[in-house]
1. Determine ³J(HN,Hα), in whole Hz, for all residues of region 195-200 in sequence, where each value follows from phi through the Karplus function 6.51 cos²θ - 1.76 cosθ + 1.60 and θ = phi - 60°; x replaces Gly and Pro.
2. What angle do you read, to the nearest 10 degrees and between 0 and 90, between the alpha-carbon axis of helix 181-190 and the longest principal axis of the chain?
3. Order the following by accessible area, largest value first: Leu187, Leu174. Probe radius 1.4 Å; ligands, DNA and RNA are ignored.
4. State in Å² the accessible area per residue of the chain; use a 1.4 Å probe, count heavy atoms of protein chains only, and round to the nearest integer.
5. Kirkwood Rh over alpha-carbon pairs of region 156-256, then Stokes-Einstein at 10 °C and 1.306 mPa s: what D in µm² s⁻¹, rounded to an integer?
6. Is the shape of region 1-122 rounded, prolate or oblate, going by the alpha carbon gyration tensor and its root eigenvalues a ≥ b ≥ c, with a/c under 1.5 for rounded and a/b larger than b/c for prolate?
7. List the aspartates and glutamates whose Cα sits under 12 Å from the Cα of Lys3, skipping any in the same chain fewer than 8 residues away.
8. Would you kindly find the accessible area of His152, with a 1.4 Å probe and non-protein molecules such as ligands, DNA and RNA excluded, rounding to the nearest 10 Å²?
Amino acid sequence: MSKHRILILGGTTEARQLAAALADRVDCDRLLSLAGRTAEPMAQPVPVRSGGFGGSDGLAQFLKTEKFDLLIDATHPFAARISQNAAIAARETGILFFALRRPGWERQPGDRWTSVASVAEAAGALGETPRCVFLAIGRQEAFHFESAPQHHYLVRSVDPVTPPLAVPDARYLLATGPFEETAERELLTSNQIEVIVAKNSGGKATYGKIAAARTLGIEVIMVERQQPANVRTADTVEEALGLVDHLFSPEMNRGV
C-alpha cells in the first residue's frame, strides 16, 4: 500500500496536536516543518525539519522533489509570509492544500479594542502622550515601537528581544504561556499598564490578558490578521483530521 505523504507547516499547538493525531496512521508519512526561530522548540511526535524553503518557488520545488500529496499550513495566524508562500506553492504544484487556523477572538461587551492592520500601525495608535504599554506581540516585531520612544514598555516574549529596543524605558519579561486571567490581571495592575498591544491570535492560551483588560477597563490595540483569501480552512484539529480523511478517500482519489 502506497502511503500518503503529508507536509505540515507548524509552530503552533494545533500543528503539534495534528501531527500527534496522525503519528500512528499507517497510511501516511508525515513531516513537520518548523521555521527554526525558537531557541528551544518543544519535542515533536513526528519527523521534523527546521528552516525556510526559499520562498514559494523553493517550497514548490520541495513539494515536487519529495513527492508530497498534501500540504497543511498550521503556522501561527500571523506568519503571513509563509502562509502566502504556501498558498502560492500549492496552486503552482496542484497539491492538495488547506490551512488549520484557530478562529480569532471576537470583541465582547466591555472590551475597549482599537483594531489595526499591522504592528507598525499599532505603534502609531499609542498616541503622543506617554503611556505604560504592555507589548504582548512576541519579539520579532517589537522594533516597530522604537518609533514611539516616549512610552514606557513592558515586553513579554518567549525568547529575548535582541538587540534590546532603542527606547529610554523598556523592561523585559521572558515567559511561555498559557497565561491565566488572574495572573494577567495581577501583572497588569502591578505594572500600572494603561494599554496592551496584542495580536488577534485566537485560542485560549493567551486570552487571559484580553479578559483581564476587559475586567480592568484597559484599552487593547488589537492587530488583526492579514491572511491569504480563498484558502480552504479547518478551525480545529478535529476538523483537520476529517478533512485529511476526506481528501484521501477513495472517492476523492477517483475524482468523484
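1. Coupling constants for region 195-200: 7, 10, 10, 9, 9, 6 Hz.
2. Result, in degrees: 30.
3. On the way: Leu187 30, Leu174 100 Å².
Descending order: Leu174, Leu187.
4. Roughly 51 Å² per residue, with all protein chains present.
5. Taking Rh from Cα pairs, D becomes 93 µm²/s.
6. prolate
7. Cα-Cα hits under 12 Å: Asp27, Asp29, Asp69.
8. Solvent-accessible area, nearest 10 Å²: 80 Å².
The values are calculated or read from the model by the stated rules, or taken from the named source; none is laboratory data. Only a predicted model underlies this, so the values are computations on that prediction, with no experimental measurement involved. Cβ coordinates were reconstructed from backbone atoms using ideal geometry, including for glycine residues, and neighbour counts include every protein chain displayed. What goes into the accessible areas is simple: the full protein's heavy atoms, side chains included, and nothing from ligands, DNA or RNA. Shrake-Rupley method; radii C 1.70, N 1.55, O 1.52, S 1.80 Å.
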